[in-house]
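Here is the structure we will look at, set down as structure tokens.
The values are calculated or read from the model by the stated rules, or taken from the named source; none is laboratory data. The model shown is predicted, which means the values in this text are computed figures rather than measured ones. Note: ideal-geometry Cβ built from the backbone for every residue, glycine included; neighbour counts use all protein chains shown. For accessibility, only protein heavy atoms count, side chains too; no ligands or nucleic acids. Shrake-Rupley method; radii C 1.70, N 1.55, O 1.52, S 1.80 Å.
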Amino acid sequence: MVAGHRYLVGVSGGADSVALLLLLHEMGYAVEAAHCNFKLRGEESDRDEQFVRSLCEGRQIPLHIIHFDTRTYARLHKVSIEMAARELRYNYFEQLRRDIGAADICVAHHQDDNVETVLLNLVRGTGIHGLTGMRPRQGHILRPLLCLSRQQIVGWLATRGQTFVTDSSNLEADVWRNKLRLNVIPQLFDITPQASQNILKTAQLLNESAKVCDKAVDEALGRTTEGQSLTISRLMEEPSPLVVLFAWLEPHGFSSATVRQIERQLHAAATGSYWQSATHEVCIDRDRLLLQEREPEQPELLIPETGTYVYDNDMKVRVSISDTPAISRQPFCLTVDADKVRFPLRLRPVVQGERFVPLGMKKGSRLVSDFLTDCKLSLFARRRQLLLADASGRTVWLPGLRPDERFRIGHDTRRMLKVELEKDTLTCQ
């Protein structure tokens, strides 16, 4: 922490946050307090808010208070009450930090919280980073009390005669963290009084080991990835493909369970296999794993007559008819016999099971999906592929790839239908 900087302090009214606020204030730091009323404990929640108001007023510390409808948020976002409160709290703290120009956000986690976090991650299932505990700094979050135990904090407040409030929900073994705190950790102390210190020592050693692992994983990612693509054969040469794969995908929201599924499919060389996180999607494409942000579904554009249209906000579609037929070789310019095509036209994504007759094919037809596969398009590119159909539902054109043989310009063509697509990012890849 830096003298002269402003800091935001999260204050619930409990012993830990009260001690943190008073310590920083008395040390001369410029602090402002933030209190969240989650409206989960009725009168007790309002009691906590009033206690924090009085605490800050007595010391002339600026205070910011916000009320949340936590249960509604949890229901809408399909998360637990505990996770909802955490998301609401930290989102609010970060926005407030920016609004008041604070350097960082100080929260009151201490040694006992750190022990609980390590054990909680262990029983949930975690990698090495989950066992390293909380860090003193994580982005703009500071934890100045990690070096102190709960007992030391409460003892310091007692010597000053400083009161605090107690959250009754912390005394009920109804969530994982509370069950660890109330039931499991006391039994560990029965085994050895040094249980907490030994757990923290292990976390510190694992933190040092994690630095070595991170360096090795970064080097492996450099050997196996290029942009949003990972080469599977190179990945399989690494000592732990699973760890490298997790390091690549976890920042994009993929869970450890999903990463394990993906890793198993790599052994089966299952081209076309596909997975999604909340924000990204990944697929196997021959010897590559391809990663991209999730795309919205592509719409359908109805083209009732000639003219200029806009598709999906960023593509111009120009449709015209000419009495002077001239074949275009440009991938995004279609020229066909106008008298063989029936309006309205539809520009839309490909539908599974559709067939067409690729230009040059004299007998039969092909599945559009098979044609796209033969063009060696990735799964993502195949999903982005557009198709132009006429009023009878026949495929007239796969933009960027091939028109349909049935509509080609011939010696007897009198009128030409021309369809041009214009977009900066159009590509045949």
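Quick one: would you say Phe407 is closer than 30 Å to Arg294 by Cβ and touching a residue at least 24 places away in the same chain (Cβ under 8 Å)? Taking the combined requirement at face value, the residue does not satisfy it.
Taking strands (runs of 3 or more DSSP E) as the structural unit, those lying wholly within the range 242-295 and holding at least 2 residues that are within 12 Å of Ile232 (Cβ to Cβ) correspond to 280-285, 288-293. All of (1) closer than 22 Å to Arg384 by Cβ; (2) surrounded by 11 or more Cβ atoms within 10 Å (Cβ to Cβ); (3) in contact with a Lys or Arg (Cβ under 9 Å, 6 or more places away or on another chain) hold for Val310 with one exception: (2).
The numbered conditions (1) within 14 Å of Met416 (Cβ to Cβ); (2) open to solvent by 70 Å² or more (accessible area, probe 1.4 Å) are all true for Arg342 except (1).
If you go through the range 363-373 one residue at a time, do you hit one that is in contact (Cβ under 8 Å) with a residue 40 or more places away in the chain, touching a Pro at 6+ places or on another chain (Cβ under 9 Å), open to solvent by 30 Å² or more (accessible area, probe 1.4 Å) and not β-branched (Val, Ile, Thr)? No, the range 363-373 contains no residue that is in contact (Cβ under 8 Å) with a residue 40 or more places away in the chain, touching a Pro at 6+ places or on another chain (Cβ under 9 Å), open to solvent by 30 Å² or more (accessible area, probe 1.4 Å) and not β-branched (Val, Ile, Thr). Name the single residue, out of those in the range 113-139 being part of a loop (DSSP other than H, G, I, E, B) and not hydroxyl-bearing (Ser, Thr, Tyr), that is least open to solvent (accessible area, probe 1.4 Å). Checked the range 113-139; the qualifying residue least open to solvent (accessible area, probe 1.4 Å) is Gly133.
The number of residues in the range 1-19 being within 18 Å of His110 (Cα to Cα), open to solvent by less than 10 Å² (accessible area, probe 1.4 Å) and in a strand (DSSP E or B) comes to 2. Picking from residues in the range 227-255 that are modelled with pLDDT of 95 or more and among the charged types (D, E, K, R), the one that is surrounded by the fewest Cβ atoms within 10 Å (Cβ to Cβ) is Glu237.
Reported count of residues in the range 325-374, each being touching a Phe, Trp or Tyr at 6+ places or on another chain (Cβ under 7 Å), of a type outside the set (A, V, I, L, M) and in a strand (DSSP E or B), is 3.
Every listed requirement among (1) within 16 Å of Ser328 (Cα to Cα); (2) without any contact (Cβ under 8 Å) to a residue 60 or more places away in the chain is met by Glu420 save one, (2).
All of Leu40, Leu22, Leu55 fail the test of being surrounded by 13 or more Cβ atoms within 10 Å (Cβ to Cβ), in a loop (DSSP other than H, G, I, E, B) and either of a type in the set (Val, Ile, Thr) or in contact (Cβ under 8 Å) with a residue 12 or more places away in the chain (or both), apart from Leu40. If you go through the range 13-45 and keep only what is in contact with a strand residue (DSSP E or B) (Cβ under 7 Å, 6 or more places away or on another chain) and modelled with pLDDT under 95, you end up with Lys39, Ser45. Checking every residue in the range 375-393 against the condition of being at pLDDT 95 or above, assigned to a loop (DSSP other than H, G, I, E, B), over 20 Å from Asp285 (Cα atoms) and in contact with a strand residue (DSSP E or B) (Cβ under 6 Å, 6 or more places away or on another chain) gives at least one match.
Exactly one residue out of Ala84, Ala74, Ala108, Ala102 is under 25 Å from Arg135 (Cα atoms) and either without any contact (Cβ under 8 Å) to a residue 24 or more places away in the chain or touching a Pro at 6+ places or on another chain (Cβ under 6 Å) (or both): that is Ala84. Residue under question is Ser80, and the condition is that it be among the small types (Gly, Ala, Ser), under 16 Å from Thr163 (Cβ atoms) and surrounded by fewer than 18 Cβ atoms within 10 Å (Cβ to Cβ); does it hold? It is false that Ser80 is among the small types (Gly, Ala, Ser), under 16 Å from Thr163 (Cβ atoms) and surrounded by fewer than 18 Cβ atoms within 10 Å (Cβ to Cβ).
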